[in-house]
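Q: One structure follows; several queries about it will come next.
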Amino acid sequence: MAELHFFTGTMDSGKSTLALQTNHNHAARGRVGRIFTTHDRAGQAVLSSRLGLTHDALEVDTDFDFWTYVVDTLTRGGRIDYLICDEAQFYSPAQIDQLAKVVDELQIDVFAFGILTDFRSQLFPGSGRLVELADRMNVLQVEALCWCGKRATHNARTEDGVMVTDGEVVVVGDVDQVDEPPAHVAYEVLCRQHHRRRLTAARAKAVSLAPEPLPFG
């Protein structure tokens, strides 16, 4: 029986790497799949991993219909055994419903990969629908770490090095590298405590390097 799988974790937990590995494993067994993504850091129509691995993909825009695409492909004599759907948090709830219909009505496996919450710690609508519908939900075991060494549970957005909690939900960027100058828009994974305190790695470093006040007397 086909199933709808949802693999989730914070940024930097290896979701795209696992998506590429999943595709490789199924293709090596002679199965035929399609890879989908949207808003990938490497650009349109490509699935990329921070390890440097990439694969051509089909771009999912707001009007894309998974059910129509799969049915049209099968009607023309094409073969589809499974779908790899990366950045699934950006899909609409209606598109997640289409994926569930593909599983139930056409018996095609769907493997969706995405993060649960945005930089405001609010659930993405697409991820929320996946939680509601997925046959299997898997939390990735590769733990991303906060700068303090604790397990990272929250995704933070920085603008010019300052953490923000307002703005557009979809802004493409990458995980900030603490040893480089801050990008205009970057992302960082934090534990809940430091996300709540808005204490990023750069801010923590700045605080630690601040000169101590001179003693009186």
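Q: What is the log10 of I(q)/I(0) for the chain, computed with the Debye formula using one identical point scatterer on each Cα and no solvent, at q = 0.10, 0.17 Å⁻¹?
A: -0.48, -1.17
Q: Sorted by mean Cβ packing within 10 Å, highest first, what order do the peptides 47-60, 124-137 take?
A: Answer by packing, highest mean first, reads 124-137, 47-60.
Q: If you consider only alpha-carbon coordinates, what radius of gyration and Dmax does segment 1-68 have, in Å?
A: Values for segment 1-68 (Cα only, Rg and Dmax): 12.6, 34 Å.
Q: Below 8 Å between Cα atoms, with a sequence gap of 6+, how large is the relative contact order for segment 20-151 in percent? Walk me through the numbers on the way to the answer.
A: Numbers: 185 pairs, mean separation 27.3, N = 132.
Taking the mean separation of contacting Cα pairs over the length of segment 20-151, I get 21 percent.
Q: Could you sort HIS5, HIS184 by accessible area so the largest value comes first, with the probe set to 1.4 Å?
A: Most to least solvent-accessible, the answer reads HIS184, HIS5.
Q: Let me ask another. With a point put 7 Å past each Cα toward its Cβ, work out how far VAL162 is from VAL131 in nm, to one decimal.
A: 3.1
Q: Cut-off under 30 Å on the C-alpha distance; same-chain residues fewer than 8 positions from LYS101 excluded. Which lysines are left, in chain and number order?
A: Partners within reach: LYS15.
Q: Between THR62 and LYS205, what FRET efficiency follows from the Cβ-Cβ distance if R0 is 41 Å, with the result rounded to 0.05?
A: Numbers: r = 39 Å, r/R0 = 0.96.
Given R0 = 41 Å and the Cβ-Cβ separation, E is 0.55.
Q: Considering only DSSP beta bridges where both residues belong to the chain, give the percentage that are antiparallel (nearest 5). List each step's numbers first, then the result.
A: Working: 14 of 34 bridges.
Bridges in the chain are about 40 percent antiparallel.
Q: Which percentage, to the nearest 5, of the DSSP beta bridges contained in segment 1-118 is antiparallel?
A: Numbers: 3 of 18 bridges.
Rounded to the nearest five, the antiparallel share is 15 percent.
Q: Take the Cα of VAL32, step 7 Å along the line toward its Cβ, and report every residue of segment 78-116 whose backbone nitrogen sits under 20 Å from that point.
A: 78-85, 102-111
Q: Can you show me the helix-derived [θ] at 222 nm for the chain, built from DSSP H runs with n ≥ 4 at -39,500 (n - 2.57) apiece and divided by the number of residues, rounded to the nearest 500. Write out the running numbers ahead of the final one.
A: Numbers: 6 runs with 61 residues, N = 217.
After summing the helix terms and dividing by the residues of the chain, the value is -8500 deg cm²/dmol.
Q: Using a 1.4 angstrom probe, figure out how much accessible area the chain has per residue, in square angstrom, rounded to the nearest whole.
A: Values: 11870 Å² over 217 residues.
Counting only protein heavy atoms, the per-residue value for the chain is 55 Å².
Q: Of all the accessible heavy-atom surface of segment 40-180, with the other protein chains kept in place and a 1.4 Å probe, what percent is carbon and sulfur?
A: Result for segment 40-180: 48 percent of the exposed heavy-atom area is carbon or sulfur.
The values are calculated or read from the model by the stated rules, or taken from the named source; none is laboratory data. All figures in this text were calculated on a predicted structure; none of them were measured in a lab. Cβ sites come from the backbone with ideal geometry, for glycine too, and all protein chains shown count toward neighbours. Ligands, DNA and RNA are stripped out before the accessible areas are found, and what is left, the full protein with its side chains, is counted by its heavy atoms. Shrake-Rupley method; radii C 1.70, N 1.55, O 1.52, S 1.80 Å.
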